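Below is one structure, written out as structure tokens, with a few remarks after it.
None of the figures in this text is laboratory data; all of them are computed from the coordinates on show. The model shown is predicted, which means the values in this text are computed figures rather than measured ones. Cβ sites come from the backbone with ideal geometry, for glycine too, and all protein chains shown count toward neighbours.
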Amino acid sequence: MMAMAEHLAREDKPFHLTYGGRTRASMAFCQRLDRLGDRVSFLAEDTQGRADLETIVRDLPDGGLVYVCGPLGLLQAVQAAAEAIHGADQDVVRFELFTTKGLEPRVGASLDADDYELVLARSGHTLRLAPEDNILEKALALGIDVENDCREGICGSCVTPILEGTVDHRDLVLTKKEQAAMAEMMICVSRPTCARLELDL
């Protein structure tokens, strides 16, 4: 976040950074961030309380986004604030996770069938798979080179274009609008909701 703020400042782009911590003494890099002037707000919880997340979201300019970094509870609180202001389909919050610990499993509407057809267009493979089979594992077993890392739907490495079909998105990378567009999927966790799924692999 600090690097992003400093980059925006160098580019003279509008931004505001709200930096919170339990105490001012526990907050690193304050002196460095002070150089950004009034574009940074420091909030020490022991003396100033917690940030008003709904106000932060409400005060966003048109097209503005909220990038958040912190513990899972903070990420969820910012998402809840955005949903309170913009509705359940809000698309203004961006964050990155490094673990799925503490998260409820994301399981949605899987295909109600014994199997489906998976077409990997570039490599020329057509497979019959059970709906819960892991597409990434199947592709790797075929010798297809697919970038991957977390295998939990949180890093975005295995994002794959969808050429045809629909899926149940179980990742935490794509925004709700991106998921609804059905243009790409994280093949490590997401699953088909159609009888035929064609991917650019």
*According to the square roots a ≥ b ≥ c of the eigenvalues of the Cα gyration tensor, what is the shape class of the stretch 116-199, taking rounded for a/c under 1.5, prolate for a/b larger than b/c otherwise, and oblate for the remainder?*
oblate
*Would you list which aspartates and glutamates come within 19 Å of Lys101, measuring only between C-alpha atoms, while excluding same-chain residues fewer than 8 positions from it?*
Asp149, Glu152, Asp171
*Any idea what the relative contact order of the chain is, in percent, if you count C-alpha pairs under 8 Å spaced at least 6 apart?*
17
*Out of the stretch 172-201, which GluC sites (Glu not before Pro) are coil in DSSP terms and have no more than 13 other C-beta atoms within 10 Å?*
none
*Just for the chain, what percent of DSSP beta bridges are antiparallel, to the closest 5?*
50
*For the stretch 1-56, which chymotrypsin sites (Phe, Trp or Tyr not before Pro) are in a loop by DSSP, counting at most 10 other Cβ atoms within 10 Å?*
Phe29
*Please list, or write none, the aspartates and glutamates whose alpha carbon is within less than 15 Å of the alpha carbon of Lys13, excluding same-chain residues fewer than 8 places away.*
Asp38, Asp62
